[in-house]
Amino acid sequence: MSEPPSKENPKELKNDDDRALIIINDLHKSYRKGTQKVTVLTGVNLSITRAQYVAFIGPSGSGKTTLLNLIAGIDRPDRGKLVVDGIDITRLDDSKLSRWRARHVGFIFQFYNLIPVLTAFENVELPLLLTPLSRKQRKKHVTAALKVTGILDRAFYYPSQLSGGQQQRVAIARAIVTDPTIIVADEPTGDLDKDSAVQILDLLHHLNRELGKTIIMVTHDPRAARKARKVYVLDKGILRDQYENDIIW
Amino acid sequence: MKIPYQYTVRNLWNRKLTTALTVSGMALVVFVFSAVLMLAYGLKKTLVNTGSPDNVLVLRRSSTSEVMSTIDRYQASVIATQPEIALDSDGLPLLAKELLVLITLNKRGTTKVANVTLRGVDDNSWELRPGVRLVVGRKFSKGANEIVVGKRIAERFEGCALGESIKFGKRRWLVVGIMDAGNTEFSSEVWGDVDQFMQAFRRPVYSGILFRLKKRSLFPGVKHRLENDPRLTVVAKTEIEYYKEQSELMERFIKILGMVLTSIFSLGAVIGAMITMYSNVANRIVEIGTLRALGFGRTSVLTAFLLEALLLGLAGGIIGLASSSFLQNITVSTTNWKSFSEVAFRFALTPRIALYAISFAAIMGIAGGALPSLRAARLSIVEALHTWE
Ligand SMILES: Nc1ncnc2c1ncn2[C@@H]1O[C@H](COP(=O)(O)OP(=O)(O)O)[C@@H](O)[C@H]1O
Ligand SMILES: [Mg+2]
């Protein structure tokens with residue numbers, strides 16, 4: 001289904017900046033493991049347009065998650081520029097970055113990461129507590145998000161009372177409830193059985209196509225990657241390939 | 001910008017056993033802490049209530065208690081002429097010359113003995129101490145070998161019930177009445193005719209002189225005159241002041257002992273809370289990472305965990321305080337170290353003690369939660385989420 005990869009010069013990418021929602025420029029990242037330095041990203045350049053649905057694929061350990069974490073502002077690069085919607089997030093201090101995430105990023109995790117002691121409704125409401133919305137307005141937003149993800153009937157269940165697929169629906173509701181600028185998803189189907197995985201991918205697809213959400217997904221599941229509009233292939237910390245999926249939208 | 005309190009409360013509730021154990025530790029410490037304060041306060045209250053603000057007690061200079069004081073008949077008559085002394089209905093000074101003697105009596109149902117205060121009193125003594133009421137029987141008659149005993153003595157010592165008799169001063173004394181002076185030291189005394197006691201014990205001198213002032217404000221004047229009169233070797237104190245001094249040593253001892261005990265116990269409780277909170281943090285690392293990713297700041301995380309520790313402390317505080325409040329039903333007796341006589345008193349709870357106990361519990365909670373909460377707040381998001389592998 002996929003087209004042959006079309007090589008692009010990173011320098012040329014910068015010319016798209018006008019349309020780009022996310023601009024990544026010469027991004028470097030390494031971790032310290034004891035005394036050893038593990039280099040993960042070595043000069044990544046790419047840009048992502050608004051309402052795009054992007055997948056990062058590549059072998060395990062290639063740096064996909066690291067790149068996603070940097071874009072989502074939960075980790076900091078050693079070097080390079082990372083501009084999201086006109087804001088260079090590498091320059092934000094810790095508390096500004098927290099506020100930026102609350103406003104601009106929706107998170108979907110492989111293991112859902114719902115708070116066990118809160119109901120589905122309360123989990124989805126969490127990010128709204130960081131906004132000035134009133135209780136009544138929050139309720140409206142939470143209900144709408146749960147409806148979109150098709151899990152409203154389980155609003156007052158605790159995560160432990162829900163299946164994996166249902167928990168991921170709650171988590172997706174939590175990710176979209178604040179209407180963030182970008183939604184990041186790290187292996188969103190990694191812990192799901194085949195049927196649930198298909199449903200979740202359909203849901204993400206729907207969010208992108210019908211509601212225009214910008215989604216950035218990390219996956220090693222080819223089925224998942226095929227659902228994205230654009231695929232970036234990472235290998236040993238560099239962008240090896242990129243291609244657009246030939247799908248009927 | 002706060003993590004909802006339900007998060008904190010339900011986490012505690014979900015880990016019932018750990019929470020219960022930690023809270024019990026705190027409760028035990030708070031129980032001991034408030035019991036000590038209640039004991040110290042109960043004792044003080046008993047001794048201070050014993051005095052009345054208009055009464056002045058005159059003792060021999062340098063004697064710290066009535067038992068050790070002696071005032072001879074000549075000095076007593078000089079004291080009685082002071083113009084500040086209130087007059088009774090017959091126009092005579094409202095003044096009592098009293099004698100205090102310690103004797104030992106057998107405790108009921110045991111072979112133990114304890115010191116009991118005998119107070120030789122005269123007619124005015126009853127009027128000077130309106131808090132002392134005769135509850136059964138009658139007052140002793142002048143010139144007779146009769147006594148009236150305090151309620152607590154009647155209950156606890158052999159031969160002290162109404163109609164019974166005890167032996168001291170080589171004579172046998174009949175109990176003709178029982179008096180109740182509430183929570184005061186008089187409830188633990190035995191009263192008889194001062195002249196009879198002086199004969200029985202062959203004591204030619206009084207222990208102290210008690211009189212009522214015409215007005216409270218006259219005290220400094222009369223004190224100055226008595227203490228500077230060359231014929232006298234006395235000190236004058238208000239009765240309240242005297243009993244307060246009596247209680248101080250004991251109160252201090254109880255408090256110091258209590259604080260030492262509490263400090264040792266509280267160290268244990270704080271360490272217990274710390275262990276619990278460290279494990280609460282460790283069990284919820286991914287949750288903390290998630291909350292931080294969603295945009296909750298380090299301060300919010302710190303606050304949520306501190307609140308959790310605070311709740312542990314407060315729960316312990318409330319339970320400990322509630323348990324210690326039952327102690328108020330218990331009467332304790334001990335030897336008053338200044339007068340060496342037996343006093344009975346109760347644990348007394350006050351709003352101030354309750355406030356101290358709850359604050360102490362809160363501080364223990366916060367102290368135990370501080371380091372674990374800081375650890376939670378300091379976690380790096382990616383490490384907490386453990387996104388690799
Ligand atoms: N916080 C971290 N500390 C140490 N090493 C890390 C950390 N995060 C990632 N790594 C290492 O960086 C490399 C790339 O990790 P990651 O981005 O998670 O890869 P991928 O998601 O492509 O499998 C791996 O070798 C991983 O062990
Ligand atoms: Mg990964």
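The values are calculated or read from the model by the stated rules, or taken from the named source; none is laboratory data. Quick caveat: nothing in here was measured; it's all calculated off a predicted structure. Cβ sites come from the backbone with ideal geometry, for glycine too, and all protein chains shown count toward neighbours. Ligands, DNA and RNA are excluded from the accessible area calculation, which covers all protein heavy atoms including side chains. Shrake-Rupley method; radii C 1.70, N 1.55, O 1.52, S 1.80 Å.
Relative to the dominant Cα principal axis of chain B, helix B:5-14 is inclined by about 80°.
Over chain A, Cα pairs under 8 Å with separation of 6+ residues give a relative contact order of 29 percent. Ranking A:THR131, A:LEU201, A:TYR158 by Cα position along the charge dipole of region A:10-244, where only Lys, Arg, Asp and Glu carry charges on their C-beta atoms, puts A:THR131 farthest toward the positive end. Here the Karplus relation 6.51 cos²θ - 1.76 cosθ + 1.60, evaluated at θ = phi - 60°, turns the backbone of region A:173-187 into coupling constants of 4, 4, 6, 9, 5, 8, 6, x, 5, 10, 10, 10, 9, 9, 6 Hz, with x for every Gly and Pro.
Assuming charge only on the beta carbon of Lys and Arg (+1) and of Asp and Glu (-1), the dipole of chain B about its Cα centre is about 300 debye to the nearest 20. Here the Karplus curve 6.51 cos²θ - 1.76 cosθ + 1.60, taken at θ = phi - 60°, turns the phi angles of region B:104-113 into couplings of 10, 10, 7, 6, 4, x, 9, 9, 7, 10 Hz, with x standing for Gly and Pro. In terms of the Cα gyration tensor, with a ≥ b ≥ c the square roots of its eigenvalues, is region A:103-215 rounded because a/c is under 1.5, prolate because a/b exceeds b/c, or oblate? It is oblate, given that a/c is not under 1.5 and a/b is not larger than b/c.
Over chain B, average the accessible area per residue using a 1.4 Å probe and give it in Å², no decimals. Don't jump to the answer; show the numbers that get you there.
Working: 17100 Å² over 389 residues.
Heavy-atom accessible area per residue stands at 44 Å².
Take the solvent-accessible surface of the protein heavy atoms, probe 1.4 Å, and return the percent of it on chain B that carbon and sulfur atoms account for. Mind showing how you got there, number by number?
Details: 10540 of 17100 Å².
Carbon with sulfur: 62 percent of the solvent-accessible area.
When nucleic acids and ligands are ignored and a 1.4 Å probe is applied, A:TYR158 ends up with an accessible area of around 80 Å².
Suppose all protein chains stay in the model; what accessible area per residue would a 1.4 Å probe give for region A:10-244, in Å²? Please report the intermediate quantities before stating the final value.
Working: 10420 Å² over 235 residues.
On a per-residue basis, region A:10-244 sits at 44 Å².
Quick one: order B:ARG73, B:ARG375, A:ARG32 from most to least accessible surface, probe 1.4 Å.
Working: B:ARG73 125, B:ARG375 105, A:ARG32 175 Å².
Largest accessible area first, the list is A:ARG32, B:ARG73, B:ARG375.
The protein assembly as shown: percent of C-alpha pairs farther apart than 41 Å? Beyond 41 Å sits 52 percent of the P(r) for the protein assembly as shown.
To test your reading of the geometry: what angle, between 0 and 90 degrees and rounded to tens, separates the Cα axis of helix B:239-283 from the longest principal axis of chain B? It works out to around 10 degrees.
At 1.4 Å probe size, put B:TYR356, A:TYR232 in order of accessible surface, largest to smallest. Before the final figure, lay out each step's value.
Values: B:TYR356 105, A:TYR232 0 Å².
I get B:TYR356, A:TYR232, largest accessible area first.
Counting Cβ atoms of other protein chains within 10 Å of each Cβ in B:283-295 and taking the mean gives 6. All C-alpha to C-alpha distances of chain A, sorted into 5 Å bins beginning at zero, yield P(r) values of 1, 6, 13, 18, 19, 17, 13, 8, 4, 1, 0 percent in whole numbers.
Between amide H atoms placed 1.01 Å from N, distances below 5 Å from A:GLN52 occur with A:ILE215, all of them 5 or more places distant or on a separate chain.
Estimate the FRET efficiency between B:ASP90 and B:VAL9 by the formula 1/(1 + (r/R0)^6), using the beta-carbon distance for r and 56 Å for R0, to the nearest 0.05. Before the final figure, lay out the partial values.
Working: r = 72 Å, r/R0 = 1.28.
Efficiency for this residue pair is about 0.20.
Of the peptides B:292-300, B:254-262, A:54-62, the order by per-residue mean of other Cβ atoms within 10 Å, starting with the highest, comes out as B:292-300, A:54-62, B:254-262.
For region B:62-232, the Cβ-based charge dipole about the Cα centre amounts to some 360 debye (Lys, Arg positive; Asp, Glu negative; other atoms uncharged). In this assembly, the B-A interface accounts for approximately 2100 Å² of buried accessible surface in total, computed with a 1.4 Å probe and without ligands, DNA or RNA.
Once Rh is set to the Kirkwood radius over Cα pairs, what Stokes-Einstein translational diffusion coefficient, in µm²/s, holds for region B:62-232 at a temperature of 37 °C and a viscosity of 0.692 mPa s? Before the final figure, lay out each step's value.
Numbers: Rh = 16.9 Å.
So the translational diffusion coefficient is about 194 µm²/s.
Peptides B:15-23, A:106-114, ordered by how many other C-beta atoms sit within 10 Å of their residues on average, highest first, read A:106-114, B:15-23. If you roll a 1.4 Å probe over chain A with all protein chains in place, what percent of the accessible area is carbon or sulfur? Here carbon and sulfur together make up 48 percent of the probe-accessible area.
Can you sort B:GLU241, B:GLU251, B:GLU155, B:GLU98 by solvent-accessible area, 1.4 Å probe, largest first?
On the way: B:GLU241 70, B:GLU251 25, B:GLU155 105, B:GLU98 5 Å².
If we order B:GLU241, B:GLU251, B:GLU155, B:GLU98 from most to least accessible, we get B:GLU155, B:GLU241, B:GLU251, B:GLU98.
What is chain B's relative contact order, in percent, from Cα pairs under 8 angstrom and six or more apart in sequence?
28
In units of 2.2 N^0.38 Å, what is the alpha-carbon radius of gyration of chain B? Its radius of gyration relative to the 2.2 N^0.38 Å reference: 1.40.
Quantify how strongly other chains surround peptide A:76-88 by giving the mean number of their Cβ atoms within 10 Å of each of its Cβ atoms. Before the final figure, lay out the partial values.
Numbers: counts 2, 0, 0, 0, 0, 0, 0, 0, 0, 0, 0, 0, 0.
What the average comes to for A:76-88 is 0.
Projecting the Cα positions of B:LEU249, B:LEU95, B:PHE265 onto the charge dipole of chain B (unit charges on Cβ atoms of Lys, Arg, Asp and Glu, taken about the Cα centre) puts B:PHE265 furthest along the positive direction.
In the context of the full protein assembly, A:HIS104 retains an accessible surface of approximately 30 Å², using a probe radius of 1.4 Å and ignoring ligands and nucleic acids. Which angle from 0 to 90°, rounded to the nearest 10, does the C-alpha axis of helix A:194-211 make with the longest principal axis of chain A? On a 0 to 90 degree scale, this one is about 80. When the Cα positions of B:TYR7, B:GLY42, B:VAL58 are compared along the charge dipole of region B:1-101, B:TYR7 comes out farthest toward the positive end, with charges on each C-beta of Lys, Arg, Asp and Glu.
Think of each Lys and Arg Cβ as +1 and each Asp and Glu Cβ as -1; about the Cα centre, that makes the dipole of chain A roughly 620 debye. On a C-alpha basis, how far is the centre of region A:140-164 from the centre of region B:134-201 in Å? Whole number, if you could? With region A:140-164 and region B:134-201 each reduced to a Cα centre, they are spaced 81 Å. For the pair A:ASP179 and B:LEU162, a Förster radius of 60 Å applied to the C-beta separation gives a FRET efficiency near 0.10, rounded to the nearest 0.05. Residues whose amide H falls under 5 Å from that of A:GLY43, counting only those 5 or more places apart or on a different chain, are A:LEU27, A:HIS28, A:LYS29, with hydrogens built in the peptide plane. On a 19 Å Cα-Cα criterion, which of the cross-link pairs A:LYS37/A:LYS236; B:LYS214/B:LYS237; A:LYS140/A:LYS227; B:LYS139/B:LYS237; B:LYS44/B:LYS214 come out too long? Result: A:LYS140/A:LYS227; B:LYS139/B:LYS237; B:LYS44/B:LYS214 exceed 19 Å. Where both bridge residues fall in region B:62-232, DSSP classifies roughly 75% of the beta bridges as antiparallel.
Relative contact order for region B:252-389: 42 percent, from Cα pairs under 8 Å spaced at least 6 residues apart, divided by residue count.
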